[in-house]
Structures are given as structure tokens and as C-alpha cells.
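Following: one structure in C-alpha cells, then a few remarks.
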Amino acid sequence: MIDLQTGFFALVPAAGSGSRFGAPSPKQYLPLLGRPLIAHTLDALLAVPRLARVAVVIAPDDELWASFAWPEDPRLLVLRCGGESRAASVAAGLECLAGEVGSGDWVLVHDAARPCIAPQSVMQMIETLAHDPVGGLLAVPVADTLKRADGEGRVAATVAREGLWQAQTPQMFRFGLLRRALAEAQGVTDEAGAIEAMGLKPFLVPGDASNFKVTYPQDLALAERILLAREKGTQ
């Protein structure tokens, strides 16, 4: 049962350049079914009624945001305070929300480049973690055999996959705890890592493989197929 006195807020860091993608514009603005990729991400989050806000953190000098039409939802908030890294953008976004979000409220940090997140997965995550003492993240168990490479591109070892999970987003933690964890952590790649650095153990909420991160050009075609299938009611 969700505590109705606790707020739930989504934060979407979108200040990156998408350099690995090799495109002329930042990855979040690449076309996906005729709209910017991030528009599909925002649609999914705004379809979750429990989210009081969906805050997007973009770069202060972002000139592309104003070029597109965005959902006309009063819960959508644009914060021009993005930093050089994901962690910096999330930390800056939290600072911008400090006057609106209470220490005990929940913040769900979601990658802009995960446009196939299903609203029902977010709702299930909220139900699962609403009373958790730490918080947690969506993740999927690793199914494939893992190989560790040496410096020459050859297999150095086979890594046992038992107990291994692939982290996804959203990653959901209390505002005050996450703010403190990010201020103290160094070199972490996600919010759960910052929480772990405090000696805490985030809960793994089983997710869905379709909630993948668009990283390379071929990923756009897969995202398009997933979204089209959902539109047709076949997935």
C-alpha cells in the first residue's frame, strides 16, 4: 500500500552529448517514430499518475529543446542546470528541486535514452519500494555467459553469471538520502552505486529486457519495433 503522504518525483538527466552514438545531435533528440527519442521517455513517465513531477535536466546552453513540441502536462518541468556527467546532472537537478521535494520523498532517476520503459513497470516499482528502508532499481538477471577479455581481445576468463543482474532505470531513492550519497560518492556510474558506497543495499526490482538503453545507431530500430508493437497492442 502506497503512503499517500509521500511524494514521488521523476528526474531525467538529459544534458549529455551522446558522443558514443556518433550522431550530429545529442542522442536524446534523435528522431524515433517522428519525434525526439526523449519524447517517448517522457510520455511513459507522464503516464504514471503517482508521479507528482517529471523533471528534465538539460544543459544550460541547450538550443534544441525549444525546437520541438513537448507534452502539455503541468507536471513536466525543465531544469537548465545539467552538468558534464550524469552524476553531476542528477546532483544539480536535485538541488533545483530542493524547494519542492521533501527529504523523505522518493526520486525516480530515469535515463533519457530508455524510451521503451513501460508505465506499468514504473507503477510496480513504486508499489514494491514505497515502504523499503533503502530504495532500489529496476534490473534484469543476466542470462548470457559472460567473458572477461585480456588486453589483446582474447578471453581471459569466464565469469559465473549466478547472482548477476543488469542494472536499468528508474533507480528510486529518498530525496535526502540520494542527495547526500551523490555528494559523498566519487566515480560512481549510477545512483545505486552512490547508495552502495554508503554501505546500503538497494533492492533489485525485476524489470523487462525491452527497457534497454539506446546506445548505438542500431538500437533505434529495435526501439521503434518495440514501440510500434505496443501501439498495435501486440506487446
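The values are calculated or read from the model by the stated rules, or taken from the named source; none is laboratory data. Remember, predicted model here, so these are calculated numbers, not experimental data. Because the Cβ atoms are built from the backbone with ideal geometry, glycine has one as well, and the counts that use them run over all protein chains shown. Areas reflect the complete protein model, heavy atoms only, side chains present, ligands, DNA and RNA absent. Shrake-Rupley method; radii C 1.70, N 1.55, O 1.52, S 1.80 Å.
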query: Which of (1) over 21 Å from residue 172 (Cβ atoms); (2) in a helix (DSSP H, G or I); (3) among the hydrophobic types (A, V, I, L, M, F, W, C); (4) within 18 Å of the chain's Cα centre (by Cα) does residue 78 not meet, given it meets every other one?
result: (2)
- prompt: Which residues, counting only those in segment 28-66, are assigned to a strand (DSSP E or B) and open to solvent by less than 20 Å² (accessible area, probe 1.4 Å)?
  reply: 32, 36, 51, 54, 55, 56, 57
message: Given the criteria under 14 Å from the mean Cα position of the chain (by Cα), β-branched (Val, Ile, Thr) and part of a strand (DSSP E or B), does residue 122 qualify?
response: no
Whichever residue in segment 70-93 is over 28 Å from residue 180 (Cβ atoms) and modelled with pLDDT under 95 and, among such residues, is least open to solvent (accessible area, probe 1.4 Å): 71
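Matching residues to (1) open to solvent by 30 Å² or more (accessible area, probe 1.4 Å); (2) touching a residue at least 60 places away in the same chain (Cβ under 8 Å); (3) hydroxyl-bearing (Ser, Thr, Tyr); (4) closer than 30 Å to residue 221 by Cα:
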| residue | (1), (2), (3), (4) |
| --- | --- |
| 106 | no, yes, no, no |
| 110 | no, yes, no, yes |
| 162 | yes, no, no, no |
| 173 | no, yes, no, no |
| 200 | yes, yes, no, no |
task: For residue 192, work out the one condition from (1) closer than 20 Å to residue 90 by Cα; (2) open to solvent by 30 Å² or more (accessible area, probe 1.4 Å); (3) not in a strand (DSSP E or B) it doesn't fulfil.
output: (2)
message: With the requirement that a residue be of a type in the set (A, V, I, L, M) and assigned to a strand (DSSP E or B), what does segment 125-149 give you?
response: 137, 138, 139, 140, 146, 149
